[in-house]
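Accompanying notes for the structure given below.
What follows is calculated from the coordinates using simple rules that are stated; it is not laboratory data. Source: prediction; values computed, not measured. FYI the Cβ positions are ideal-geometry reconstructions off the backbone, even for glycines, and counts take in every protein chain you see.
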Amino acid sequence: MDGVLFDLDGVITDTARFHFAAWRQLAQQAFGVSLPDSFEAELKGISREASLQRIVAFAQLDGQYTVAQLAALATQKNENYVAAIKQLTAADILPGIQPLLVALKARGVPMVIASASKNAPLILDRLALSAYFTAIVNPNDVHQGKPAPDIFIAAAQKIAVNPRKCVGLEDSVAGVAAINAAGAVSVAIGHASELSAAAVVVPTTAALTADLLEQAFEQ
Ligand code: B16
Ligand code: MG
């Protein structure tokens, strides 16, 4: 294993609740609709723009907004979201992640962030984890979002390692598909029934260790 490619939301910290709260507020204010709880999982790993499209479709307002209006709505959601995530501290790092980063760094394994979030640098800064990562892929530089492999291929390129020599960590179905399509070994966090496409599934981040990632890579 010559590199580890990390998703952010749901792997390093749980920002999904902040994303969903901000989308719910926007959907109510702009479209007058209440998003059901099931929408939270649906928006995981999906870009800001794609998330808004899904919400517009749910509100049955397809084609009613110009590109500029949609961009303004996405910006409005992001302003609320950024205000919320500014409260993040190292206490919000998911269980097992800090020891995993320490162990991988001690073994000299380079680590890269492959998140769909344009706010990844801010979040890592708030969590005091930036120093562990060689690079953060800018989703603006990636042609197609997850489930396309592009972001994981770009992450492996940042450390000049073949994706086949990397393990990718994900909590979303779209993200696992992206890791597999990139040729990396997928380790998923969540329900085995939902994430069955992954090489290995663990129930929570607390189960992640450097040895487990090495074993997943070797199997
Ligand atoms: P932003 P990940 C994803 O993060 C979130 O799961 C998804 O809900 C969000 O829409 C996306 O980032 C974009 O985030 O609006 O901050 O650019 O799971 O790929 O780390
Ligand atoms: Mg995620």
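Things to note:
- Ranked packing of 84-94, 119-129, 181-191, most packed first, by mean Cβ within 10 Å: 181-191, 119-129, 84-94
- Mean separation of Cα pairs under 8 Å and 6 or more residues apart, divided by the residue count, gives region 31-133 a relative contact order of 33 percent.
- The mean sequence distance of close C-alpha pairs (under 8 Å, at least 6 residues apart), as a share of the length of region 76-160, puts its relative contact order at 30 percent.
- Model label sites at residue 204 and residue 103, defined 7 Å from Cα along the beta-carbon direction, differ in position by 1.6 nm.
- Scattering curve values for the chain, log₁₀ I(q)/I(0), Debye with Cα scatterers, q = 0.15, 0.16, 0.17 Å⁻¹: -0.94, -1.06, -1.18
- Extension gain for residue 34-residue 192 works out to 53.9 nm (0.36 nm per residue, less the C-alpha to C-alpha distance).
- Between residue 84 and residue 128, the simple spin-label model (points 7 angstrom out along Cα→Cβ) gives 2.5 nm.
- When only alpha carbons are used to place a centre, region 92-112 and region 204-219 end up 12 Å from one another.
- Remark: region 114-205 is approximated by an ellipsoid whose semi-axes, taken from the C-alpha gyration tensor as √(5λ), come to 20, 16, 12 Å, largest first.
- Mean separation of Cα contacts under 8 Å, 6 or more apart, over the residue count of region 42-195: relative contact order %: 19
- 222 nm mean residue ellipticity, helices alone, for the chain (DSSP H n ≥ 4; -39,500 (n - 2.57); rounded to 500): -12000 deg cm²/dmol
- A simple rule links phi to the HN-Hα coupling: the Karplus curve 6.51 cos²θ - 1.76 cosθ + 1.60 with θ = phi - 60°, which for region 141-158 gives 8, 9, 5, 10, x, 4, x, 5, x, 3, 5, 6, 5, 4, 5, 5, 4, 4 Hz, with x for Gly and Pro.
- Count of lysine pairs in the chain with Cα separation under 19 Å (8 or more residues apart, or interchain): 11
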